[in-house]
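**Q** One structure coming up, written as structure tokens, with questions to follow.
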Amino acid sequence: MNDLKFKQTKKINSIQKFLSINGLEVVGSFRPKDDKKLEKIKTILLIGPNEPNFWSIFIKSKEFNDKKPHPLDRWSRRLLEEIVGKEKVTAYFPFDEKNIWPFYSWALECSEISASPVKLLVHNEKGLFLSFRGAIGLEFEIKNKRKSEGVCQSCQKPCLTACPVSALTANGYDVENCKKYTLSKKGNECRYGCLVRRSCPFGSSFRLPEQSAFHMRNFLKS
């Protein structure tokens, strides 16, 4: 292994170790297409929660406990900016209001991720509970897996009929109807995690109910 390759491997291992300690992991990677804003970037690593380990780590953080708005976004930014400082890489965030990054399109470039029948992104292991806390840009290329057909090809697709008010189907997402039902007495079950996401046979057991409830509370406030 030459010196450059050794340094690149060392950087990747260091990033993965830091992520693992903090309940995160690389959920997909790809080489970005020509984009002036990503001129020097040869690889993008999409970062998401390593569940169920993530939740027990996050709830001990200062961001979760300081009662200020957007604890998860602030926590994510702090951790990834720490990686930026240590490893001299670039970080991108799906909640960045100044720079809107195409995380959905990026995800579809990854071998592990595809579009589900209800248009939500689906991961080969995490299913419909795939989520992103950010991304890391590297100035060197790593070998990516060949794009697969995705897990939905052989699935019976329970996600298409899981929503009790058909707010999330192949035809799109009716956000207003979703919120209205979830806030009603009948929608109590939805407040502990979207039934469409939970219907996916891949990865639904990884996410804890209390974590789903946290995300649903924030969704209903938005």
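**Q** What's the magnitude of the charge dipole for the chain around its Cα centre, counting Lys and Arg as +1 and Asp and Glu as -1 at the beta-carbon? Answer in Debye, nearest 20.
**A** Taking the Cα centre of the chain as origin, the dipole is about 260 debye.
**Q** So, one more: Under 20 Å between alpha carbons, and skipping anything fewer than 8 positions from Lys119 in its own chain: which aspartates and glutamates qualify?
**A** Result set, ordered by chain and number: Glu109, Glu149, Asp174, Glu176.
**Q** Give, in nm to one decimal, the length gained when the segment between Lys186 and Lys221 is fully stretched (0.36 nm per residue of separation minus the Cα-Cα distance).
**A** On the way: separation 35, 0.36 × 35 = 12.60 nm, distance 1.86 nm.
Result for the pair: 10.7 nm of gain on full extension.
**Q** Here's a follow-up. Mind checking which of Ile47, Asn65, Trp75 is farthest towards the positive end of the chain's charge dipole, using Cβ charges of +1 (Lys, Arg) and -1 (Asp, Glu) about the Cα centre?
**A** Looking along the dipole axis, the top candidate is Asn65.
**Q** Give me, ordered by chain and number, the residues 5 or more places off Thr90 or on other chains with an amide H under 5 Å from its own placed amide H.
**A** Gly137
**Q** Quote the charge dipole size of the stretch 1-103 about the Cα centre in Debye, to the nearest 20; the model charges only the Cβ of Lys and Arg (+1) and of Asp and Glu (-1).
**A** Around 340 debye, computed over the stretch 1-103.
**Q** OK, next. What is the extension gain from Val175 to Glu141, computed as 0.36 nm multiplied by their sequence separation minus the C-alpha to C-alpha distance, in nm to one decimal?
**A** So the chain would gain 8.4 nm between Val175 and Glu141.
**Q** Can you work out the accessible area per residue across the chain, with the rest of the protein chains kept in place, probe 1.4 Å, in square angstrom?
**A** Value for the chain: 59 Å² per residue.
**Q** Determine, for each peptide in 60-72, 42-54, the mean count of other beta carbons within 10 angstrom over its residues, then list the peptides with the highest first.
**A** Top to bottom by mean Cβ count within 10 Å: 42-54, 60-72.
**Q** Write down, largest first, the equivalent ellipsoid semi-axes of the stretch 39-147 in whole Å, where each equals the square root of 5 times an eigenvalue of the alpha-carbon gyration tensor.
**A** Ellipsoid half-lengths, sorted descending, are 23, 19, 13 Å.
**Q** Set the bar at 28 Å for Cα to Cα. Now go through Lys62/Lys98; Lys33/Lys221; Lys11/Lys40; Lys147/Lys180; Lys157/Lys179 and name every pair that lies beyond it.
**A** Values: Lys62/Lys98 25 Å; Lys33/Lys221 36 Å; Lys11/Lys40 17 Å; Lys147/Lys180 38 Å; Lys157/Lys179 23 Å.
Table pairs above 28 Å Cα-Cα are Lys33/Lys221; Lys147/Lys180.
**Q** Rank Phe30, Cys155, Ala91 by how far each Cα sits towards the positive end of the charge dipole of the chain (+1 on Lys, Arg Cβ; -1 on Asp, Glu Cβ) and give me just the farthest.
**A** Ala91
**Q** State the label only: which of (1) 1.06; (2) 0.94; (3) 1.02 corresponds to Cα Rg over 2.2 N^0.38 Å computed from the shown model?
**A** Label (1) holds the value from this structure.
The values are calculated or read from the model by the stated rules, or taken from the named source; none is laboratory data. Everything numeric in this text was worked out from a predicted model, so none of it was measured. Glycine also receives a Cβ, built like all others from the backbone with ideal geometry; neighbour counts cover every protein chain displayed. Side chains are part of the model used for accessible areas, which takes the heavy atoms of the whole protein and leaves out ligands, DNA and RNA. Shrake-Rupley method; radii C 1.70, N 1.55, O 1.52, S 1.80 Å.
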